[in-house]
Amino acid sequence: MGPRALPDFPWDSLAPYKERASSVAGGLVDLSVGTPVDPTPRVVQEALRSASDAPGYPQTWGTPDLREAVTDWFARRRGVVGLDPDGVLPTMGSKELVAWLPTLLGAGPGDVVGFPGVAYPTYDVGARLAGATPQVVDGLAALGPLTPSTTPKLLWLNSPSNPTGRVLGVEHLAKVVAWARQHGVVVASDECYAELDWRTDATEPTTPSILDPRVTGGSHDGLLAVYSLSKQSNLAGYRAAFVAGDVTLVRRLLEVRKHAGMIVPWPVQRAMLAALRDDAHVAQQKARYAARRTSLRAAVEGFGLEVQHSDAGLYLWATAGDDSWATVGALADRGILVAPGTFYGEAGRRHVRIALTATDERIALAVDRLAG
Ligand SMILES: Cc1ncc(COP(=O)(O)O)c(C=O)c1O
């Protein structure tokens, strides 16, 4: 049996709204996608440039200094101590890893891959590419009594969430890990918005990781953290990310990826190293988003939407209580394009996702238009 049919690519359905929003004087404010717009930090650009002489094949596993920079970053920014550099593997952005992880782990027909009900669509796509069964898992109790055929092979978590901005706390994560270990389920936690934590009562620099010792009890068995530098370092165009955790699982991924030529290019590996060693540009970028978020949130609320969750990450998850397409239409009339919640699952049908990834000038224009 081959892969399951893939879902329709939903962005095409936004085209008429894009046209409507673009016709407003002053042009489109596009808040429908989470693509960074600020410059790639100079320190990263320079590292890429100075690694441009690359006649030989790079290591699929990444150089030891890159893997160590990842473990240092986890210790420094995420409170994850004791991560083995052998359990780190660079990836070509994290979307490809999300899409291929079930396949790389050997999932196939009859295997269940679980993910949140309102979620980044690629978890579902990855299950389908493997020919596995995609299944929404919102709360472990909802799975009911498990049998070998209903126990997920892989469970995705996404914290902070795209699109909702919800953050899973240490206790929640620890419960999932205990449950997963009891049932032999691999947990992959997609954490690419961890540095963009807006909670004013947070006592740590980033949101909790699945690899946090308070979550894991000190063992990374059965656990993978998936992380991307696209958002925090404005280098989505480089395709720079990594997966880290259980050494045995990472070795399995490495083995297949070596055979399949899934190698992060050498200049990108060097750029990642530079990005991971420099916290200053991440703080600077976070400050930019914080300012945009504050003004946009007030304007969105003034316009009559209720912002829910949105505690971290690059989006406001908002509802007018109406069908999401009606809200998309109302905002398009103000020249602002947003994504309907339905793109992220049926449960999002009354929400819209509003991205913070526009320039200060475009955000200011959106704020004016929402007030007008
Ligand atoms: C939850 C989530 N995971 C993964 C990605 C992929 O990021 P990239 O492929 O740029 O590393 C995104 C991008 O928007 C995302 O929102």
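The values are calculated or read from the model by the stated rules, or taken from the named source; none is laboratory data. These numbers were taken from a predicted model, which means no experiment stands behind them. In this analysis, Cβ positions are derived from the backbone assuming ideal geometry, glycine residues included, and neighbour counts consider all displayed protein chains. The area values use the complete protein model at the heavy-atom level, side chains included, leaving out ligands, DNA and RNA. Shrake-Rupley method; radii C 1.70, N 1.55, O 1.52, S 1.80 Å.
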Would you confirm whether or not the stretch 148-158 contains a residue that is buried (at least 20 other Cβ atoms within 10 Å of the Cβ), closer than 17 Å to VAL243 by Cβ, in contact with an Asp or Glu (Cβ under 6 Å, 6 or more places away or on another chain) and not charged (D, E, K, R)? yes
Could you please tell me which pairs satisfy a Cβ distance under 8 Å, a separation of 6+ or placement on different chains, a first residue in the stretch 123-145 that is of a type in the set (S, T, N, Q), and a second residue that is surrounded by 17 or more Cβ atoms within 10 Å (Cβ to Cβ) and in a strand (DSSP E or B)? THR133/VAL112; THR133/VAL113; GLN135/VAL112; GLN135/VAL113; GLN135/GLY114; GLN135/PHE115; GLN135/PRO152
Output the number of the condition that ALA47 fails; it satisfies all remaining conditions of (1) under 28 Å from GLU346 (Cβ atoms); (2) touching a residue at least 12 places away in the same chain (Cβ under 8 Å); (3) of a type in the set (Gly, Ala, Ser). (1)
If you take the residues in the stretch 278-308 that are surrounded by 14 or more Cβ atoms within 10 Å (Cβ to Cβ) and outside any helix (DSSP H, G or I), which one is farthest from the chain's Cα centre (by Cα)? PHE303
Return the residue satisfying two criteria in turn: it lies in the stretch 115-129 and is within 12 Å of the ligand (Cβ to nearest atom) and not in a loop (DSSP other than H, G, I, E, B), and of such residues it is nearest to LEU105 (Cα to Cα). GLY126
Quick count over the stretch 209-225, residues being over 17 Å from VAL186 (Cβ atoms) and either within 12 Å of the ligand (Cβ to nearest atom) or not in a loop (DSSP other than H, G, I, E, B) (or both), is 2
Residues being crowded, with 22+ Cβ neighbours inside 10 Å and either β-branched (Val, Ile, Thr) or part of a helix (DSSP H, G or I) (or both): count how many of those fall in the stretch 226-249. 3
What residue, among those in the stretch 83-98 that are within 10 Å of the ligand (Cβ to nearest atom) and open to solvent by 10 Å² or more (accessible area, probe 1.4 Å), is farthest from HIS351 (Cα to Cα)? MET92
Checking the condition within 30 Å of GLY131 (Cα to Cα), open to solvent by 40 Å² or more (accessible area, probe 1.4 Å) and either more than 16 Å from the ligand (Cβ to nearest atom) or over 18 Å from the mean Cα position of the chain (by Cα) (or both), which residue from SER52, SER13 passes? SER13
Can you find a residue in the stretch 29-42 that is within 16 Å of the ligand (Cβ to nearest atom) and open to solvent by 60 Å² or more (accessible area, probe 1.4 Å)? yes
Select from the stretch 198-213 the residues that are open to solvent by 10 Å² or more (accessible area, probe 1.4 Å) and closer than 16 Å to SER159 by Cα and list them in ascending order. TRP198, ARG199, ALA202, GLU204, PRO205, PRO208
Where a residue in the stretch 257-270 is farther than 13 Å from ALA241 by Cα and its partner, wherever it lies, is assigned to a helix (DSSP H, G or I), with Cβ under 6 Å and at least six apart: PRO267/LEU48
